[in-house]
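Below is one structure, written out as structure tokens, with a few remarks after it.
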Amino acid sequence: RSSLASMAGELGLTFGVAVNTDELENDRKYRHLATTQFSSVTAENVMKWGPMEPVRGEIDYGPAEALIASAVENDQLVRGHTLVWHSQTPAWLSPDGTETTLTPQQVRDAMQKRVTETATHFKGQIWQWDVVNEAFNEDGTYRRTVFYNAYEALGLPGHQYIADAFRWAHAADPDALLFYNDYNLEFTSPKVLAAEAMVKELLAQDVPIHGVGLQGHLATQYGFPNLQENLQRFADLGLEVALTEVDIRTFVQPDGNGGFTHEVLTPELQATTEAFWRGTLEACLAVEACNSYTVWGVGDANSWVPGVFPGEGSALLWDERLNKKAQFHELRDVL
Ligand code: XIL
């Protein structure tokens, strides 16, 4: 049978993947999967501010351009990720996303420059931009990021940086669809209610926001009882919605050498993992405005999960040697 991309395409769904330019360039099997199984790509890291501008004023567009060139060659759309985020910020701006040696005005100016220059540079090549990523705490309050704090210090509402970022991005690239993106929006929570209130406020202020991305970093020990309802919540405001970073991690087996094998799960966790994959895709397909579904990496060897959640893994559709897993077949059955 044909690829995930072509099967999803028949249902009107773009099926994406987060890619790394190193693997794309150096690993043939990876490149084959990334370019044939998916209809859109997201840069896992190379379009983030820190990686792009480690030295102030010296912007490295190279890896992002290579990624886009590959996408163009393979008829893939590009999700731009991400313009404004408190994480992976350049050290000269803020080593931890909060502290800074710049003045508030300098922070605001740097942010405006970052948004405008990046969106301008890639103008016409980006299908959807994650303009602002992860602006909320779990309790629904705004994160006190370097951006928020700078605005407050300037006597502005702290969260006005979000509206500004969308306006600047739209002015630079009027055809790109502009998204707010976050995690833990998949179930009803203070955070998802706060994101909904923010979107309403932005729309009331005529801010150009076109979509909300639910990242979809899920784990088998936590459920997602009402993903469809929470996708629909934003669709009901007239926005597009997307699952932008899906991976489903679970507990993996100790390998006896102090590490873990990510390839053999207990039958119970294997079944739960497959049910989670099915459930996420079905939820997206059930919501008319859910136009794209992106997985956060190709194979388990490339996944960020084991490095961040020790003892957890097997979060993707291909294993560590890039062989298809049952999770892949489960998704294909849904399509
Ligand atoms: C992760 C990448 O996968 C890692 O390679 C990197 O070290 C840290 O960032 N939410 C996001 C993504 O929006 O950008 C993050 O990606 C995962 C969580």
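The values are calculated or read from the model by the stated rules, or taken from the named source; none is laboratory data. From a predicted model like this one, the values you see are computed outputs, not experimental measurements. Counting neighbours? That spans all protein chains shown, and the Cβs are built from the backbone with ideal geometry, glycine included.
See the values below:
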| quantity | calculated |
| --- | --- |
| Checklist (1) within 16 Å of the ligand (Cβ to nearest atom); (2) of a type in the set (A, V, I, L, M, F, W, C); (3) more than 20 Å from the chain's Cα centre (by Cα) applied to residue 85, failing item | (3) |
| Candidates 289, 283, 271 - the one that is more than 16 Å from the ligand (Cβ to nearest atom), free of Cβ contacts under 8 Å to residues at least 60 places away in the same chain and in contact with a strand residue (DSSP E or B) (Cβ under 7 Å, 6 or more places away or on another chain) | 289 |
| Residue match in the range 180-191 (condition: in contact with a helix residue (DSSP H, G or I) (Cβ under 9 Å, 6 or more places away or on another chain), of a type in the set (Phe, Trp, Tyr), crowded, with 16+ Cβ neighbours inside 10 Å and touching a residue at least 60 places away in the same chain (Cβ under 8 Å)) | yes |
| Filter pass, residue 288 being of a type in the set (Asp, Glu) and modelled with pLDDT of 95 or more | yes |
| Any hit, the range 312-325, residues being over 18 Å from residue 183 (Cα atoms), assigned to a helix (DSSP H, G or I) and more than 19 Å from the chain's Cα centre (by Cα) | no |
| So residue 277, is it within 15 Å of the ligand (Cβ to nearest atom), in contact with a strand residue (DSSP E or B) (Cβ under 7 Å, 6 or more places away or on another chain) and at pLDDT 95 or above | no |
| Residue within the range 150-163 that is touching a helix residue (DSSP H, G or I) at 6+ places or on another chain (Cβ under 6 Å), surrounded by 14 or more Cβ atoms within 10 Å (Cβ to Cβ), among the β-branched types (Val, Ile, Thr) and on the phi < 0 side of the Ramachandran plot present | no |
| Spans of helices (runs of 4 or more DSSP H) in the range 103-177 with at least 1 residues aromatic (Phe, Trp, Tyr) and in contact (Cβ under 8 Å) with a residue 40 or more places away in the chain | 146-153, 160-172 |
| Within the range 8-78, helices (runs of 4 or more DSSP H) holding 1 or more residues that are within 19 Å of residue 131 (Cβ to Cβ) | 49-52, 62-73 |
